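Written out below as structure tokens is the structure these notes cover.
The values are calculated or read from the model by the stated rules, or taken from the named source; none is laboratory data. Since we're looking at a predicted model, the values are computed, not measured. Here the Cβ positions follow ideal geometry from the backbone for every residue, glycine too, while neighbour counts run over all protein chains shown. The protein model used for the area step is the full one, side chains on, heavy atoms only, and it has no ligands, DNA or RNA in it. Shrake-Rupley method; radii C 1.70, N 1.55, O 1.52, S 1.80 Å.
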Amino acid sequence: GAGVSQSPSNKVTEKGKDVELRCDPISGHTALYWYRQSLGQGLEFLIYFQGNSAPDKSGLPSDRFSAERTGGSVSTLTIQRTQQEDSAVYLCASSPKDRGGNEQFFGPGTRLTVL
Amino acid sequence: AQSVTQLDSHVSVSEGTPVLLRCNYSSSYSPSLFWYVQHPNKGLQLLLKYTSAATLVKGINGFEAEFKKSETSFHLTKPSAHMSDAAEYFCVAGGGATNKLIFGTGTLLAVQP
């Protein structure tokens, strides 16, 4: 079956521009996560959505970062006024439940380069 | 709070020899523990997971890991390395209310012919 998909696969932008990254989770998965993989910081949690509950935004590095999930499915991560330190691979994952022990299925990522 | 420590950033083995990738964790509650693998330019793939059932967990491609609470360890092993095992391996802790994953810094495994 279809896995988690992300678009675009690569994004190059200029410093100060806004970018939107998209994630399509596996159908039926209620939990959706965003992570960031960068050279200096490794893999770090950004934000978590579960159904219609308020998202856990505790991992967002600054108020330039925001995310939404429409209709409990597709999610968009927005970075405003991008900075060079935002350059990273942004990974999306989905899971059928949020209880501990459930595997998270990862998408291929979006590689963001801020010039 | 949770944290994961991968003791080796790089490991190099010869093809056909055993693999040992070390991981220690810290958690204020009973964790779920995972090993994920990332091949170059590929996404993260789950190798195996521990969720408080059997302490010896078998995964894909001949990998296994043993949860040792007394040592707070979850080391990954494989009896015989294959060239296709060359990749980066992440030890990961999850669980809690949101099951957000806490990643170790990764171990890059090289397999020499």
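Tally Lys and Arg at +1 and Asp and Glu at -1 over the other residues with C-beta under 12 Å from the C-beta of residue B:17: what net charge comes out?
It works out to a net charge of -1.
Considering only the other residues whose Cβ falls under 15 Å of the Cβ of residue A:18, what net charge follows from Lys and Arg at +1 and Asp and Glu at -1?
My count for the surroundings of residue A:18 gives +1.
Along each of the three principal axes of the Cα atoms of the range A:5-98, give the extent in whole Å, ordering the values from largest to smallest.
36, 23, 21
If we count every other residue with Cβ under 14 angstrom of residue B:65's Cβ, Lys/Arg +1 and Asp/Glu -1, where does the sum land?
+3
Report relative contact order for the range B:2-112 in percent, whole number only (criteria: Cα-Cα under 8 Å, sequence separation at least 6).
38
Measuring from a point 7 Å past the Cα of residue A:113 along Cα-to-C-beta, which residues in the range A:1-27 have an amide N at less than 11 Å?
A:10-13
How would B:102, A:79 line up by accessible area, probe 1.4 Å, largest first?
Descending order: B:102, A:79.
Can you work out the accessible area per residue across the range B:2-112, with the rest of the protein chains kept in place, probe 1.4 Å, in square angstrom?
46
Over all residues in B:42-52, what is the mean tally of Cβ atoms on other chains that come within 10 Å of each residue's Cβ?
Per-residue shielding by partner chains comes out at 4.
Tabulate in residue order the Karplus-calculated ³J(HN,Hα) for the range A:66-78, using 6.51 cos²θ - 1.76 cosθ + 1.60 with θ = phi - 60°, rounded to whole Hz; enter x for Gly and Pro.
My calculation for the range A:66-78 gives 8, 8, 9, 9, 9, x, x, 10, 4, 10, 10, 9, 10 Hz in order.
So what's the convex hull volume per residue for the Cα atoms of the protein assembly as shown, in Å³?
Expressed per residue, the convex hull around the Cα atoms of the protein assembly as shown is 124 Å³.
What are the ³J(HN,Hα) couplings of the range B:30-46, residue after residue, when phi is run through the Karplus curve with 6.51, -1.76, 1.60 and θ = phi - 60°? Round to Hz, x for glycine and proline.
Result, ordered by residue: 5, x, 9, 10, 9, 10, 10, 10, 10, 7, x, 6, 10, x, 6, 10, 6 Hz.
Could you provide, to the nearest whole Å², the per residue accessible area of the range A:1-95 with probe 1.4 Å?
That works out to 49 Å² for each residue.
To two decimal places, what compactness ratio does the range B:1-98 give when its Cα radius of gyration is scaled by 2.2 N^0.38 Å?
Against the empirical 2.2 N^0.38 Å value, I get 1.05 for the range B:1-98.
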